1. Write down the accessible area per residue of the chain in Å², having rolled a 1.4 Å probe over the full set of protein chains.
2. Treat every Asp and Glu Cβ in the chain as -1 and every Lys and Arg Cβ as +1, leave all other atoms uncharged, and give the resulting dipole magnitude about the Cα centre to the nearest 20 debye.
3. Return the calculated 222 nm mean residue ellipticity for the chain, to the nearest 500 deg cm²/dmol, obtained by summing -39500 (n - 2.57) across DSSP H runs with n ≥ 4 and dividing by the residue count.
4. Which number do you get for Rg(Cα) / (2.2 N^0.38 Å) in the stretch 11-91?
5. Where the centroid of each part is defined by its Cα atoms, how far is the stretch 70-129 from the stretch 1-43 in Å?
6. How about the stretch 32-91: which GluC sites (Glu not before Pro) there are in a DSSP loop, with at most 11 other Cβ atoms within 10 Å of their Cβ?
7. Taking the Cα centre of the chain as the origin and placing charges on Cβ (Lys, Arg +1; Asp, Glu -1), which of Phe108, Leu91, Cys120 is farthest toward the positive end of the dipole?
8. Which angle from 0 to 90°, rounded to the nearest 10, does the C-alpha axis of helix 112-136 make with the longest principal axis of the chain?
Amino acid sequence: MEYSKERMDDLMRAYDEYISSCDYIRMSEVYKIIVNMPSRRFWVSDIRAALIISAMMRGKTDLSTMCPLKKEMYEEIYNRVFKLQEECPELTISELCAKVIAQPAPKFYLTPGSAKVMVCKARKQRIQEKWKRLRLL
């Protein structure tokens, strides 16, 4: 994925933010909470978003085959593009999509299970990097 490192950093920001606010941590709840926390942006490429949104505007795409979270994300992007298009009719769909996906997103549009896998991988990398730094001292 084009933005995998940035998305991982953003997810870890949400994870760290949530963990630091807890008095008692139930890991089963952590992932459910963080996937619904606001994200820095929509984690989709501007090209992919433009393709999907353009097809939606022409009535040429069937979102019912998409997983529910992706469908929800594209519907949110579509609504924002539609609204922005009224304000900036001179912009192309690609330009509108690029502006919209760079805006903060209401959530990560990930399942808690996906977030758990990503966070565990990132935590493991953090630990390995920490050990590397300690060995260099």
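The values are calculated or read from the model by the stated rules, or taken from the named source; none is laboratory data. Because the structure is a prediction, the values reported are computed rather than measured. So basically every Cβ, Gly included, is an ideal-geometry build from the backbone, and we count neighbours across all protein chains shown. The area values use the complete protein model at the heavy-atom level, side chains included, leaving out ligands, DNA and RNA. Shrake-Rupley method; radii C 1.70, N 1.55, O 1.52, S 1.80 Å.
1. 65
2. 880
3. Details: 6 runs with 92 residues, N = 137.
So the helix-based figure for the chain works out to -22000 deg cm²/dmol.
4. 1.43
5. What the calculation gives is 14 Å, centre to centre.
6. Numbers: sites: Glu72, Glu75, Glu76, Glu86, Glu87, Glu90; in loops: Glu90.
Loop-located and lightly packed - Glu90.
7. Positive-most Cα among the choices belongs to Cys120.
8. Rounded to the nearest ten degrees, it is 50.
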